[in-house]
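Remarks on the structure that follows.
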Amino acid sequence: MTRYLLLAFGTIIFLLGCSNESSKMKGQFIEGCIASGAPKKLCSCTYQEISNGKSDDDLMRLLYSQQGQAELQQLMLPAAKKCADNL
């Protein structure tokens, strides 16, 4: 399961790196997540967990900068696991 989540979210990170419009962050995240094979509910929940309490600027940094990628990877697995446990 962990390997699947890492592969899925690695794909998401790649897809998010192709765009830089903040208004489309959530849609792109969920679209990339679904394209990698994860269920929509898991993708939506994971984005919600990651974005909870963060400003748009913080999310932009997490999703689109090299610095943010390491932090995003640390946030993503626990968020996805929490969501998967609750689905």
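Numbers at a glance
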quantity	calculated
Two-site FRET efficiency, residue 87 against residue 65, from Cβ-Cβ distance with R₀ of 41 Å, rounded to 0.05	0.85
Whichever lysines have a C-alpha closer than 19 Å to that of residue 54, once near sequence neighbours (fewer than 8 apart) are set aside	24, 26, 82
Computed label-point distance, nm, for sites residue 34 and residue 74 using a 7 Å Cα→Cβ extension	3.2
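Where a number appears in this text, it was derived from the coordinates with a stated rule and is not lab data. Here the structure is a predicted model, which means the values were calculated and not measured. Quick reminder, even Gly has a Cβ in these numbers, built from the backbone with ideal geometry, and neighbours come from all protein chains shown.
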